[in-house]
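Below: one structure, written as structure tokens.
The values are calculated or read from the model by the stated rules, or taken from the named source; none is laboratory data. Only a predicted model underlies this, so the values are computations on that prediction, with no experimental measurement involved. Note that we place each Cβ from the backbone using ideal geometry, even for glycine, and neighbour counts take in every protein chain shown. These area figures cover heavy atoms from the full protein model, side chains too; ligands, DNA and RNA do not enter into them. Shrake-Rupley method; radii C 1.70, N 1.55, O 1.52, S 1.80 Å.
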Amino acid sequence: RRAAQQWASAAFIGAASTALGMAVLMGRQREGSRCYATSTSVPDDEPVHYLYLHGWLSGPTSKKGLLLKDLFHAKGHELVLLDLNGGHPSKLTYTSAIDVVLQYAAAHPDGKIRLIGSSFGGYVAARCAQLLPDRVDRLLL
């Protein structure tokens, strides 16, 4: 029973932090929260690309990625689940993962990019924000 209570508490905390993170990522700051978006709003005519970067030995079809994609869809946004593995987890390197994001950015030169990084994907997202300062305007790590 204790394990079930701990799991339920962790699930609640995870859901709450995801909801708050999504609010910040989409530009809806909640009063009293400690997360702050550091960028200005994107003009209505400028597209916004939301990208999910999975963790090490994970992939774009992970439960977390698919759940986030559904949550974004419910809010009227598309979340792109990038495959950092290059087709197979054995091919994943730090630089190859960064290249996947840079290739996406080059193929979609319009609009801002908002990155969601899980674990290793957060490390990649932070570096991509440094490499693309004019494109990446928000991070959720």
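Exactly one of these conditions fails for Ile13: (1) at pLDDT 50 or above; (2) over 12 Å from the mean Cα position of the chain (by Cα); (3) open to solvent by 100 Å² or more (accessible area, probe 1.4 Å). Give me its number.
Of (1) at pLDDT 50 or above; (2) over 12 Å from the mean Cα position of the chain (by Cα); (3) open to solvent by 100 Å² or more (accessible area, probe 1.4 Å), only one is false for Ile13: (1).
Mind listing whichever residues of region 84-118 are modelled with pLDDT of 95 or more, open to solvent by 60 Å² or more (accessible area, probe 1.4 Å) and either part of a helix (DSSP H, G or I) or of a type in the set (Gly, Ala, Ser) (or both)?
Passing the criteria: Tyr94, Thr95, Asp99, Gln103, Ala106, Ala107.
From the residues in region 121-131 that are in contact (Cβ under 8 Å) with a residue 24 or more places away in the chain and open to solvent by 30 Å² or more (accessible area, probe 1.4 Å), which one is nearest to Leu68 (Cα to Cα)?
Tyr123
Please give the number of the condition Gly59 fails out of (1) under 15 Å from the mean Cα position of the chain (by Cα); (2) modelled with pLDDT of 95 or more.
Every listed condition holds for Gly59 apart from (2).
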